[in-house]
């Protein structure tokens, strides 16, 4: 990395901070070897919710600057896994960062044919009463989908949700035959 790794701890109890810092720096070093074009890396590990009876929740946010792009990964433990280990939360965030770097490389190199990639996009229009919607694909096209094609359940969809889909030619143009939710819609408040 051109800029040294910056690690920030927020609201962590001393026993968590002492143990996790070495792990964070080790994983950041592996990330740098995996993708040598990383310009800078900022990692924030915090404990936004302190729960004395149930256990603590941890969040890891990784901000990577690579040529022409900033990649931000934020991983927070789900409430159903209240006692999840801080190390697991950190490793999951680094796994997400690697996946996003791989996708960045595929797009940048353009060596992979489009038919080899599963198309993805964002739900741009949703007509819940009528049971259909539209996806704005990563290449800017509008793809129709019906509620029956949503694998995770049509009611879970919202505008802004990131999805992967299989495309086919319908009577009125391209349509998604299967739709799988990747990520929830982005929130518009700062979390770090």
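Mind listing whichever residues of segment 69-113 are more than 19 Å from residue 5 (Cα to Cα), touching a helix residue (DSSP H, G or I) at 6+ places or on another chain (Cβ under 7 Å) and modelled with pLDDT under 80?
77, 112
Name every residue in segment 174-190 that is part of a strand (DSSP E or B) and at pLDDT below 85, in order of residue number.
Scanning segment 174-190 gives 182, 183.
With modelled with pLDDT of 85 or more, out of contact with any helix residue (DSSP H, G or I) (no Cβ under 9 Å at 6 or more places or on another chain) and closer than 19 Å to residue 101 by Cβ as the only criterion, which of 66, 5, 24, 44 stands out?
44
Does segment 146-173 hold any residues that are closer than 22 Å to residue 103 by Cβ and assigned to a strand (DSSP E or B), and which are they?
Passing the criteria: 162, 163, 164, 165, 166, 167.
The values are calculated or read from the model by the stated rules, or taken from the named source; none is laboratory data. Just so it is clear, the model here is predicted, and its values are computed rather than measured. Quick reminder, even Gly has a Cβ in these numbers, built from the backbone with ideal geometry, and neighbours come from all protein chains shown.
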